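Chemist: Take a look at this one; I'll ask things after.
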Amino acid sequence: MALSLYNSLSRRLEVFEPEHPPVVRVYGCGPTIYGRAHIGNFRTFIAYDLLHRVLARKGWDVRFVVNFTDVDDKTIEGAAGADSSLSEYTEPFGNAFLDDVQTLGVVSFHATPRATDYVGDMVEWIRKLEERGLAYQAEDGSVYFRISSFPAYGRLSGSRVDGETGRSRIDADDYDKDDVRDFVLWKASRELDRKVGAVWDSPWGPGRPGWHLECSVLSIGALGNTLDIHMGGEDLLFPHHENEIAQSEGVTGETFARFWLHTKHLRVEGQKMSKSLGNTYTVEQLMEMGHSPAAIRHLLISAQYRKELNFTFEGLEGSARAVERLVALHRRLHEEAEAHDDADPTGLEALAESAVADFDAGLDDDLNSSEAMAALFVFLKETNAALDRSKGMARPEELEAARGALASMDSVLGILELALAESSVDDDLAAWVEDLIRQRAEARAGRDWDRADEIRDALTARGIVLEDTAQGTRWKQG
Ligand code: AMP
Ligand code: ZN
């Protein structure tokens, strides 16, 4: 079936086909690495991952590029505040982002270019814009894009400009320009930039690239003049994406991105996420509170990317229960159900087939992950019921079909795979602890107290607390 995506450019659902199959070129605006990304950011990055997996499921060769914004006002201010250089300051946040996406089971991106590695290309880009009469240097030394010379400006955002989130970025760019709409391409260096080493040479004097330019140059550099899909959070539609189009098409004269996808912002406990409300949780914080990556991923995927999604701890617990039900079904199909050639038919094959068809239809409908998830949970319920009826017995090919359907649906959702990986780590730990407890009991029986203490210390070092009871030794993770 065909994949339909809501294209913010045409403002309607369109059937998606790559321009040059089998290759699909996708770019998503990445993190600004001035702090650890929060779960709101991960709603967007998990939506990237879902798109990535859905495109790959269609058999296409997906090139998914996500940039790191490692030079902009926020990174520079952060570095100055921490008294470090820009690169020293941003590096750990870039690494933390890569750790977090791995923790949440995000498929590796094709490339994650850092803006500061491509400043030479950005300078070259501005030179071309200048040649075409689309850029000018103002008195303060900064270079601006001249919007009045680019008639197509505004095609993406139209009259739907959401100034609220865009404005702070505009104000930050508000140096000394001819027209208030013009945006900065090259910022003449200031004291703060010099302090953190955010200064590069250019034909217009020392300075640094503007934030919007980074994405045009990095995406085109990695993927070519025309992207099949460009994605980002809804706050980026204006002015960031509008400006990306102007800068890119201003140089290449070709369509910059055929499809534009925008994710809706995650809310937390019904509120906008903000530092002052203290509701900007990171993946690390949630895990320290005992929540699992599989549950976080489940929650973030539970609503379609364009629909309202409210993060609550109650919802996260509901997600944890949903994950447990998936793991239980997986175990039942792999370990408990019995294959019998002469068992009565259970109907599992038909259930599997219709579940996968409904699941794919959901995703084809503009990545509707909640429809897809509903198909998965109908399958879960009906499969359990069919196994109950047949007392856990089914023909081998039926069990195989059910296992295949579960694996196939999860290859897109990526929830069960995370949960199983986590529980296998738990299983390994449990086996290790129990082996040591046995050795300790032997040492104590042989009155080898030194060895017994040594074992207890080794367990303590791994955060394992032992409790000796009349029924034997119990353990827990402290
Ligand atoms: P930033 O690190 O602020 O540049 O943002 C990285 C990505 O996360 C961008 O695509 C943003 O639009 C997106 N984003 C930021 N806040 C949220 C949120 N609350 N919900 C969903 N996406 C967000
Ligand atoms: Zn961008």
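Chemist: Take the residues in the stretch 251-290 that are within 16 Å of ligand 2 (Cβ to nearest atom) and over 18 Å from ILE46 (Cβ atoms), then tell me which one is nearest to the chain's Cα centre (by Cα).
Modeler: TRP260
Chemist: Do you know which residues across the stretch 90-108 are out of contact with any Asp or Glu (no Cβ under 9 Å at 6 or more places or on another chain) and either of a type in the set (Ser, Thr, Tyr) or touching a residue at least 40 places away in the same chain (Cβ under 8 Å) (or both)? Show your work before the answer.
Modeler: We begin by selecting, within the stretch 90-108, every residue out of contact with any Asp or Glu (no Cβ under 9 Å at 6 or more places or on another chain); these are 92, 95, 97-98, 102, 108.
Within the stretch 90-108, PHE97, SER108 qualify.
Chemist: Mind counting the residues in the stretch 215-233 that are touching a Pro at 6+ places or on another chain (Cβ under 9 Å) and either more than 14 Å from ligand 2 (Cβ to nearest atom) or assigned to a loop (DSSP other than H, G, I, E, B) (or both)?
Modeler: 1
Chemist: Next question, about the same structure. Looking at the stretch 9-39 only, could you name the residues that are within 16 Å of ligand 2 (Cβ to nearest atom) and either more than 13 Å from ASN67 (Cβ to Cβ) or outside any loop (DSSP other than H, G, I, E, B) (or both)?
Modeler: Start the filter on the stretch 9-39 by keeping residues that are within 16 Å of ligand 2 (Cβ to nearest atom), which leaves 9, 25-34, 37.
Passing the criteria: LEU9, ARG25, VAL26, TYR27, GLY28, THR32, TYR34, ALA37.
Chemist: Would you check which residues across the stretch 441-478 are hydrophobic (A, V, I, L, M, F, W, C), farther than 18 Å from ALA430 by Cα and not in a helix (DSSP H, G or I) and list them? Let's see the steps before the verdict.
Modeler: Let us first name the residues in the stretch 441-478 that are hydrophobic (A, V, I, L, M, F, W, C), namely 441, 443, 445, 449, 452, 455, 458-459, 461, 464-466, 470, 475.
With farther than 18 Å from ALA430 by Cα added as a condition, the list becomes 443, 445, 449, 452, 470.
Answer for the stretch 441-478, where residues must be hydrophobic (A, V, I, L, M, F, W, C), farther than 18 Å from ALA430 by Cα and not in a helix (DSSP H, G or I): just ALA470.
Chemist: Looking at (1) assigned to a strand (DSSP E or B); (2) within 16 Å of ligand 2 (Cβ to nearest atom); (3) outside the structural domain of ILE220 (by TED's automatic domain parsing), which is the only condition TYR6 fails?
Modeler: Evaluating TYR6 over (1) assigned to a strand (DSSP E or B); (2) within 16 Å of ligand 2 (Cβ to nearest atom); (3) outside the structural domain of ILE220 (by TED's automatic domain parsing) leaves (2) as the failure.
Chemist: Separate question: For the stretch 447-462, what are the residues that are surrounded by fewer than 10 Cβ atoms within 10 Å (Cβ to Cβ) and among the small types (Gly, Ala, Ser)?
Modeler: Listed by number, the list holds a single entry, ALA461.
Chemist: If you don't mind, another one. For the stretch 120-137, enumerate the residues that are surrounded by fewer than 20 Cβ atoms within 10 Å (Cβ to Cβ) and either assigned to a helix (DSSP H, G or I) or modelled with pLDDT under 95 (or both). Give the steps one after another, and end with the answer.
Modeler: From the stretch 120-137, those surrounded by fewer than 20 Cβ atoms within 10 Å (Cβ to Cβ) are 120-121, 124, 127-128, 130-133, 136-137; that's our starting set.
If the condition is that a residue be surrounded by fewer than 20 Cβ atoms within 10 Å (Cβ to Cβ) and either assigned to a helix (DSSP H, G or I) or modelled with pLDDT under 95 (or both), then GLY120, ASP121, GLU124, ARG127, LYS128, GLU130, GLU131 are the ones that fit.
Chemist: Within 10 Å of ligand 1 (Cβ to nearest atom) and part of a helix (DSSP H, G or I): does that describe LEU236?
Modeler: Working: within 10 Å of ligand 1 (Cβ to nearest atom): yes; part of a helix (DSSP H, G or I): yes.
Yes; evaluated as a whole, the condition is true for this residue.
Chemist: So for the stretch 197-214 (the condition being charged (D, E, K, R), within 16 Å of ligand 1 (Cβ to nearest atom) and either surrounded by 23 or more Cβ atoms within 10 Å (Cβ to Cβ) or assigned to a strand (DSSP E or B) (or both)), does at least one residue qualify?
Modeler: Going through the stretch 197-214, the residues charged (D, E, K, R) turn out to be 201, 208, 214.
This time we only want the ones that are within 16 Å of ligand 1 (Cβ to nearest atom), so: 214.
In the following step, the residues that additionally are either surrounded by 23 or more Cβ atoms within 10 Å (Cβ to Cβ) or assigned to a strand (DSSP E or B) (or both) were identified as 214.
Yes, that holds for at least one residue.
Chemist: State all residues of the stretch 195-209 that are under 11 Å from ALA79 (Cα atoms) and among the charged types (D, E, K, R); if no residue qualifies, say none. Spell out the reasoning first.
Modeler: Taking the stretch 195-209 as the starting set, the residues that turn out to be under 11 Å from ALA79 (Cα atoms) are 195-198.
Within the stretch 195-209, just LYS195 meets the criteria.
The values are calculated or read from the model by the stated rules, or taken from the named source; none is laboratory data. What you see is a predicted model; the values in this text were computed from it and never measured. Using ideal geometry, Cβ is built from the backbone for each residue, glycine included, and neighbour counts are taken over all protein chains shown.
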